[in-house]
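Read through the structure below, which is laid out as C-alpha cells, and then see the notes.
Just so it is clear, none of the values below were taken in a lab; they were calculated from the coordinates. All of these numbers come straight from a predicted model, not from anything done at the bench. Quick reminder, even Gly has a Cβ in these numbers, built from the backbone with ideal geometry, and neighbours come from all protein chains shown.
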Amino acid sequence: MVEFSRPILTLPNGADKLLLHSCCAPCSGEVMEAITASGIDYTIFFYNPNIHPQREYLIRKEENIRFAEKHKVPFVDADYDSDNWFARAKGMEQEPERGIRCTMCFDMRFERTALFAAENGFSVISSSLGISRWKNMQQINECGRRAAGHYNGITYWEYNWRKQGGSARMIDISKRERFYQQEYCGCIYSLRDTNKHRRSQGRDIIRIGTQYYGDED
C-alpha cells in the first residue's frame, strides 16, 4: 500500500464521539482507519436487515467484528429484523438500484442508527455507505440528514470518504485484510438482478462465501 499522510479529522459541532453505521468490513476499512488515525472516539453500529440470505449477513457481520476487534473499537450488533425490511420493501420489488427501494433501505438503517445515538449519548452519526462508487452519495446523505433531523442534538456527519483516494485505499485495505468480497449490494432483489445480468453475459451466478479480496492476486 502506498504511504499516505492522513489529514486530521474533527467531528462537527465540537462533538467528542461518533456512532458510525457500518454496512460491511470492506467499506468500513478505510473509514475506520481514517477515524482512528485522527484519534476520534467512535463506536461501530451494525444494523443491516436488508442483507439476504442470512448466511451472507453473518459472513459480512463477522468480518466487520474481526476488524473492529483488531482496532479495539466497540461494536454494537443490532437486530437482524429482516421481516420488517421485507414489509417496508413491499411494492418496491421491481425498483432499480439507487431507486426508491434503496432510499427506503437507507432510511430504515439510518433511523435505527439515529435512535440508538439519541438513547446512548451520541450527538453525531455517520456511515461507511457513501465510500462505495456504486452508491449515490447524495441519496445517502439525504437519508442520513433526514434521520438525524428527528432528534434534537443529533447531527449527521457528511464527510466525503471517497476523496483523496479513499475508494482506492478501501480496496487496498480489503486486500491486505483479505476481507470477504461480497458481489452484490446485499438485498434479495440486488442478488436477483445481479444474477440475471450475469446469466445474460454467460457468467456463473454468485456463490456466497467464496470470494475474498486478494485471492485473485
Pairwise Lys count, the chain - Cα closer than 30 Å, eight or more residues apart or different chains: 26
Listed residues ASN64, ASN13, ASN136, most fluctuating in the chain (Gaussian network, C-alpha, under 10 Å): ASN13
Qualifying GluC sites (Glu not before Pro) for the range 1-69 [loop in DSSP, other Cβ within 10 Å: at most 16]: GLU3
DSSP-assigned coil residues among chymotrypsin sites (Phe, Trp or Tyr not before Pro) in the range 117-217, each with at most 12 further Cβ atoms within 10 Å: TRP134
Of the trypsin sites (Lys or Arg not before Pro) in the range 96-205, those whose Cβ has at most 11 other Cβ within 10 Å and which sit in DSSP loop: ARG133, ARG203
Extension gain from ASN120 to ILE65, taking 0.36 nm per residue of separation minus the Cα-Cα distance: 17.8 nm
Separation of the ALA87 and ASN195 label points, Cα + 7 Å toward Cβ, nm: 2.7 nm
Pair ALA37, ALA168: separation of 7 Å Cα→Cβ label points (nm): 1.3 nm
Residue order, fewest to most surrounding Cβ atoms within 10 angstrom, among MET104, MET32: MET104, MET32
